[in-house]
Amino acid sequence: MSSTETTGDTLDSPSETDVQAPADPETEGLATSADDLEWWRTAVIYQVYPRSFADGDGDGVGDLPGITARLDALVELGVDAVWLSPFYTSPQADAGYDVADYTDVDPLFGTLADFDALRARATELGLRLIVDLVPNHSSSAHVWFREALAAAPGSPERARYMFREGRGAEGELPPNNWESIFGGPAWSRITEADGSPGQWYLHLFDSSQPDLDWTNPWVRSTFLDVLRFWLDRGVDGFRVDVAHGLVKAEGLPDYTPPADAGSMGGGLGEDRTPPYWGQDGVHEIWREWRRVLDEYPGDRVLVAEAWVEPLSKLANWVRPDEMHQAFNFAYLETGWSAAEIRRVVDSSIEVFASVGAPSTWVLSNHDVVRHASRLALTAENPQGHGIGPRSPGLPIPELGLARARAATAVMLALPGSAYLYQGEELGLPEAVDLPDEARQDPTWFRTDGERYGRDGCRVPLPWESGSPAFGFSETGASWLPQPDDWSTYARDEQRGVPGSTLELYRSALALRSEHELGAGRLEWLSGWSDDVVAFRSGDVVVLANTGEVPVELPVADVLLSTMALDGPALPANAAVWLRAEGVTG
Ligand code: NOJ
């Protein structure tokens, strides 16, 4: 029965053939109740980007005390855990992903005591806490790198990083043709202590982020100490930056990535394995890290940031003796199409279950165009390089928000663990109109403004519409300017307002928990038009309309709706959760 053909109002019970074969809980790491599972298998984890969450000291950059003071908002939202992007000592050349001391807090964000206070408050509130670890590269300001520069070629200090002789008669050419993910060459040449032109060092990202050499046992054991430092301080786990990049192919062969490699770099969607991503050797590192985590009580987790495709390959990061979760970027990159959503959901559940891991789901983070804008982008303005005032055909905000709300309703009903990025619960769009002089992403500088980069998704949050910097900072300072119309997105404008995006998220999270959707078993429902995502999980039926015309809804209790419903029709770009048992003929 197609919903557009039905006279009524019923939702057929799916027949045997409609339903995806249920997974075997024993072999596939699933369980029948959320209570039987380790917390991270079903958790909703909220990403706090410290620079932009809440500013406690008025300098315009968010900080740890600011976060601590606002943590109760996350409890009210209904998330299970917080992932903190880097707050370590750092010159902030890449917003903290350039670490100069892995075991201290940058004064910009506070002190170790502030971290401890945050940890304690999170525990009090029942929130788990995951921190970000950046092992692929350090900052060039790290003492390790400064010592490497001061030492001679071939020294143990140089061996911590990827120093190589240049090509050409005088070593004047970089060792290979690799490009930085942020644009420009991936190699920089140093001047030796005696003033002569010297070796080159590899930096897959900015020149201020030299890659560490993970074939060096010193690097490996040093990071085990870093893990222990934070585990001893009570963190529940680590989001591991560039978890696909630590090991490079022997001989560092030349490689040219495809032009549309996305904001986090090359090789996605093609058969070749880039010589700097996804090399087999990384897995031994994760096994070593896993053994350290397993020494600690309390289900500590490793989460891979690994831009690896296809998903079947990504599953290698979450084999039982490696990491616990990997971000599902294939899901994030899926467009607003029911067929594509069905495909990626099916393949995610299948491949992660095949190694006993939960699938994760994510729609936004600090590296991509916010999904309230991204889902209304078109072929002429793909998200890969960010969007700004000169991008062609900018997304229509209302369309983007409608799709984002519906996409979130789909995501939060899926079995597994979901990640939210701060501000998406307010429906924040990408800030497109940032003035050029305000931009800070190294991508912007390294491409001479050809790529906008990621500043547009990092603008500080609006908390109170009538306060300076919309409540982000008492002084009104904000490291990136907030668009004037963000007063309408402020949390206090949405709190308690039926139909607001904040209340939609709160309801979805409460229902997800009540109906144990994170531990659910997804069954596709057939008979709907191709444009409809239609599935059942436990006693909830989810329908999302990715088409352009409304589809008829069955008569059922509506648990959640992303748009006001005017009669038994699901508008385009809307989603509903229905009580399955209430669906009648
Ligand atoms: C991935 C992080 O999410 C991104 O923000 C950062 O620029 C790169 N890794 C380099 O650390």
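The values are calculated or read from the model by the stated rules, or taken from the named source; none is laboratory data. Source: prediction; values computed, not measured. Quick reminder, even Gly has a Cβ in these numbers, built from the backbone with ideal geometry, and neighbours come from all protein chains shown. Heavy atoms of the whole protein, side chains included, go into the accessibility calculation; ligands, DNA and RNA do not. Shrake-Rupley method; radii C 1.70, N 1.55, O 1.52, S 1.80 Å.
Condition check ((1) of a type in the set (Ser, Thr, Tyr); (2) at pLDDT 95 or above; (3) within 16 Å of the ligand (Cβ to nearest atom); (4) within 20 Å of the chain's Cα centre (by Cα)) across all residues:
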| position | (1), (2), (3), (4) |
| --- | --- |
| 425 | no, yes, no, yes |
| 437 | no, yes, no, no |
| 443 | yes, no, yes, yes |
| 447 | yes, no, yes, no |
| 467 | yes, yes, no, no |
| 470 | no, yes, no, no |
| 476 | no, yes, no, no |
| 480 | no, yes, yes, no |
| 483 | no, yes, no, no |
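Just give me the residues in segment 268-289 being open to solvent by 40 Å² or more (accessible area, probe 1.4 Å) and over 20 Å from residue 251 (Cα atoms), in sequence order. Passing the criteria: 269, 270, 271, 287, 288. Out of all the residues in segment 202-219, is one or more among the hydroxyl-bearing types (Ser, Thr, Tyr) and either open to solvent by less than 10 Å² (accessible area, probe 1.4 Å) or free of Cβ contacts under 8 Å to residues at least 12 places away in the same chain (or both)? So far as segment 202-219 goes, no, none of its residues is among the hydroxyl-bearing types (Ser, Thr, Tyr) and either open to solvent by less than 10 Å² (accessible area, probe 1.4 Å) or free of Cβ contacts under 8 Å to residues at least 12 places away in the same chain (or both). Taking the criterion of being more than 13 Å from the ligand (Cβ to nearest atom), over 22 Å from residue 298 (Cα atoms) and either in contact with a strand residue (DSSP E or B) (Cβ under 8 Å, 6 or more places away or on another chain) or open to solvent by less than 50 Å² (accessible area, probe 1.4 Å) (or both), the residues of segment 75-101 that qualify are 77, 87, 89, 100, 101. One residue stands out in segment 405-423 among those that are assigned to a loop (DSSP other than H, G, I, E, B) and either more than 22 Å from residue 394 (Cβ to Cβ) or open to solvent by 10 Å² or more (accessible area, probe 1.4 Å) (or both): the one that is nearest to the ligand (Cβ to nearest atom), namely 422. All conditions in (1) in a helix (DSSP H, G or I); (2) open to solvent by 10 Å² or more (accessible area, probe 1.4 Å) hold for residue 497, with the sole exception of (1). Take the conditions open to solvent by less than 10 Å² (accessible area, probe 1.4 Å) and among the aliphatic types (A, V, I, L, M) and apply them to residue 148. Does it pass? Criteria met by residue 148. All conditions but one from (1) modelled with pLDDT under 95; (2) under 14 Å from residue 409 (Cα atoms) apply to residue 582; the one that does not is (2). Examine segment 436-458 for a residue that is part of a loop (DSSP other than H, G, I, E, B), buried (at least 23 other Cβ atoms within 10 Å of the Cβ) and of a type in the set (A, V, I, L, M, F, W, C), and state whether such a residue exists. No, because not a single residue in segment 436-458 is part of a loop (DSSP other than H, G, I, E, B), buried (at least 23 other Cβ atoms within 10 Å of the Cβ) and of a type in the set (A, V, I, L, M, F, W, C).
Just so you know, in segment 378-396 the residues that are open to solvent by less than 30 Å² (accessible area, probe 1.4 Å) and in a loop (DSSP other than H, G, I, E, B) include one that is nearest to residue 302 (Cα to Cα), and it is 386. Applying the criterion of at least 3 residues that are without any contact (Cβ under 8 Å) to a residue 24 or more places away in the chain to the strands (runs of 3 or more DSSP E) found wholly in segment 75-191 leaves 187-191.
Could you tell me which residue of segment 555-569 is nearest to residue 521 (Cα to Cα), considering only residues that are buried (at least 21 other Cβ atoms within 10 Å of the Cβ) and touching a residue at least 60 places away in the same chain (Cβ under 8 Å)? The extreme case among them is 556. Within segment 523-546, the set of residues being closer than 15 Å to residue 415 by Cβ and surrounded by 22 or more Cβ atoms within 10 Å (Cβ to Cβ) comprises 533, 535, 536, 537, 540, 541, 542.
All of 399, 375 fail the test of being at pLDDT 95 or above and surrounded by fewer than 22 Cβ atoms within 10 Å (Cβ to Cβ), apart from 399. Taken together, the residues in segment 109-129 that are open to solvent by 10 Å² or more (accessible area, probe 1.4 Å) and either closer than 19 Å to residue 225 by Cα or touching an Asp or Glu at 6+ places or on another chain (Cβ under 7 Å) (or both) amount to 5.
Filtering segment 283-324 to residues that are in contact (Cβ under 8 Å) with a residue 40 or more places away in the chain, in a helix (DSSP H, G or I) and within 16 Å of residue 224 (Cα to Cα) leaves 285, 286, 288, 289, 292, 293.
Against the condition open to solvent by less than 10 Å² (accessible area, probe 1.4 Å), touching a Ser or Thr at 6+ places or on another chain (Cβ under 8 Å) and within 16 Å of the ligand (Cβ to nearest atom), how does residue 106 come out, does it pass? It is false that residue 106 is open to solvent by less than 10 Å² (accessible area, probe 1.4 Å), touching a Ser or Thr at 6+ places or on another chain (Cβ under 8 Å) and within 16 Å of the ligand (Cβ to nearest atom).
Applying the set (1) open to solvent by 20 Å² or more (accessible area, probe 1.4 Å); (2) under 19 Å from residue 256 (Cβ atoms); (3) within 16 Å of the ligand (Cβ to nearest atom) to residue 185 leaves exactly one unmet item: (3).
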